[in-house]
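Q: This is the structure I have questions about; it appears just below.
The values are calculated or read from the model by the stated rules, or taken from the named source; none is laboratory data. Everything numeric here is computed off the predicted structure, so don't read it as measured data. A quick note on method: Cβ atoms are made from the backbone with ideal geometry, for glycine too, and the neighbour counts reach across all protein chains shown.
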Amino acid sequence: MNSSRIFWLLTIAVASILLLPSLLQKGMFLDGITYGAISKNLANGIGYFTSPKYTDTLYPQFHEHPPFVFWLQSLFFKILGNGFYVERIYSLFIFLLTTLGIKQLWKLIVSEEYKKHSWLPVLLWMIVPIISWSFNQNMLENTLSLFTLFSVISIVKGIKTNLFAWTIIGSSLIVLGFLSKGFVALFPLIIPMIFSVTHLVKRAYIHQIILIFSLSIQSLVIYLKFPFLVDNLTSYLQQQLLPALQGQREITTHNRFSILGELALELLIPIAIIGIFIMITKSKKTLALSKNKPALIFNLVVGLSASIPLIVTLKQRKFYLVPSIIYFSTSIAIFIVPIIDRVVKKMPLRLGKILSYLFSIWIVIVSIFSIYSFENYSRDEAKIKDLEMLVRILPPSTILRGSSTIYNDWSLHAYLARMGTISLTLDKTPKFYLIEKSKYKKDEFREFSINGLDLTNYILLQK
């Protein structure tokens, strides 16, 4: 039996347990719900590509991030409707494309004898905890990773074939990455330089010039032909990026290097696998064969170029590391693939068949369990159930008055926007007023009557 098929089954089995149960359940991290709400709005004619809209009262012009991911995700809402599963299907789609990209990168850079093990970097990538979390939560970094990965692939392919067209495609993918998450998409700009140093290919410097020239031309075209998009990006720089760089917004750490500590922790599982294989095989000589060392160093340096620049700001989150994990995982895969190859070659045929059946059964069981748990809740169950009842009676585009505690619950804004295109305000004019049950006192709300909804945490009042 084909050993590659067996271990691709293992990889799919691991992916199924990491992704399917959560993707088929309700509840999501605040940022992911927000991005879903903005994308849904775009699909339904609320806001524009260059000026997306979150709610009527909170970011009616959303310039916290560049707009391309919202537009791309809005296509899925146009096709599939407004169901809770739409952004999850989008995330799964991006995950599958990224998997294909990692497989393509592996076959592009490793020696012929190891190309059959393209499952290995994919497996090591997906078992890094922040990867499954990020895809389950609909983060922008997922799409950013896809564009930057295929940019790296295109540029390397351009250098290896000496075709400038591939390098130009790579520059276009950098542009799309920038329009997805900003300056963090620019690390592929130095790919030719890195490749030249690690692989001793002098013509890579020509591709470096072509890459910069092509990117400059495309940027100039955007500046001259798409002024509204330029306005959007300018607002993003002024409202989000520059304040973050100056330490004036959402400071999450007081140590610029803490993100590198987070990186080490995230890579702990793949690194531990190296140690386990070395101990099991009691061999170090077969690690990192000389002809694959350039590829190993190349991926390591690319991973560092995608992660080290994050130290410039005190606004640091683990999921910012997602684009870099691909290259660190690929480096680790290159390091241990000689041992993996030896183990696989010695594996008895009968054992291979047994493993193939076991992995297939695993995939089926996880799929059945995930389908069975469809529309269950992975988080915020009580809140979501309350809001599901609320959006059934409130018409779309309702502006709902909330108490100060209600208004400052940012996930409540997100869920209401995503589920019902409903906005929250502190203004006293709206007809409906949402308050926590624990804070309701009848004497203080004589101008309101209680709506008959049987909510768990809230009371809906009506003038």
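Q: When both residues are 6+ apart or on different chains and their Cβ atoms are under 6 Å apart, which pairs have a first residue that lies in region 263-279 and is touching a residue at least 12 places away in the same chain (Cβ under 8 Å), and a second that is in a helix (DSSP H, G or I) and not polar (S, T, N, Q)?
A: Final answer for the pair search is Leu263/Leu321; Glu266/Ile130; Leu267/Phe328; Pro270/Leu124; Pro270/Ile332; Ile274/Ile336; Phe277/Ile336; Phe277/Ile339.
Q: Can you give me the number of residues within region 335-388 that are in a loop (DSSP other than H, G, I, E, B) and among the acidic types (Asp, Glu)?
A: Of the residues in region 335-388, 2 are in a loop (DSSP other than H, G, I, E, B) and among the acidic types (Asp, Glu).
Q: Just one of Leu80, Leu24 is touching a helix residue (DSSP H, G or I) at 6+ places or on another chain (Cβ under 7 Å) and surrounded by 20 or more Cβ atoms within 10 Å (Cβ to Cβ); which is it?
A: Leu24
Q: Taking region 244-278 as the region of interest, how many residues are within 16 Å of Leu314 (Cβ to Cβ), in a helix (DSSP H, G or I) and touching a Lys or Arg at 6+ places or on another chain (Cβ under 9 Å)?
A: Pass one, region 244-278, residues within 16 Å of Leu314 (Cβ to Cβ): 244-262.
Still in the list and also in a helix (DSSP H, G or I): 244-245, 258-262.
Filter once more, keeping what is touching a Lys or Arg at 6+ places or on another chain (Cβ under 9 Å): 244-245, 259, 262.
Total satisfying the criteria: 4.
Q: Which of the residues that make up region 62-80 are modelled with pLDDT under 95 and farther than 24 Å from Trp133 by Cβ?
A: Within region 62-80, His63 is the sole residue that qualifies.
Q: Among the residues in region 61-73, are any of a type outside the set (A, V, I, L, M, F, W, C), touching a helix residue (DSSP H, G or I) at 6+ places or on another chain (Cβ under 6 Å) and part of a helix (DSSP H, G or I)?
A: Yes - at least one qualifying residue is present in region 61-73.
Q: Looking only at region 382-416, count every residue that is closer than 17 Å to Gly32 by Cβ and not aromatic (Phe, Trp, Tyr) and tell me the total.
A: 9
A quick yes/no check of all residues on (1) buried (at least 20 other Cβ atoms within 10 Å of the Cβ); (2) at positive phi; (3) free of Cβ contacts under 8 Å to residues at least 60 places away in the same chain:
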residue	(1), (2), (3)
Ser4	no, no, no
Ala15	yes, no, no
Met28	yes, no, no
Ala43	yes, no, yes
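Q: Do you know which residues across region 127-170 are small (Gly, Ala, Ser) and either assigned to a loop (DSSP other than H, G, I, E, B) or at positive phi (or both)?
A: Across region 127-170, there are no qualifying residues.
Q: Being in contact with a Ser or Thr (Cβ under 7 Å, 6 or more places away or on another chain) and either among the acidic types (Asp, Glu) or surrounded by fewer than 18 Cβ atoms within 10 Å (Cβ to Cβ) (or both) narrows it down to one residue among Leu215, Leu245, Leu224; which is it?
A: The match here is Leu245.
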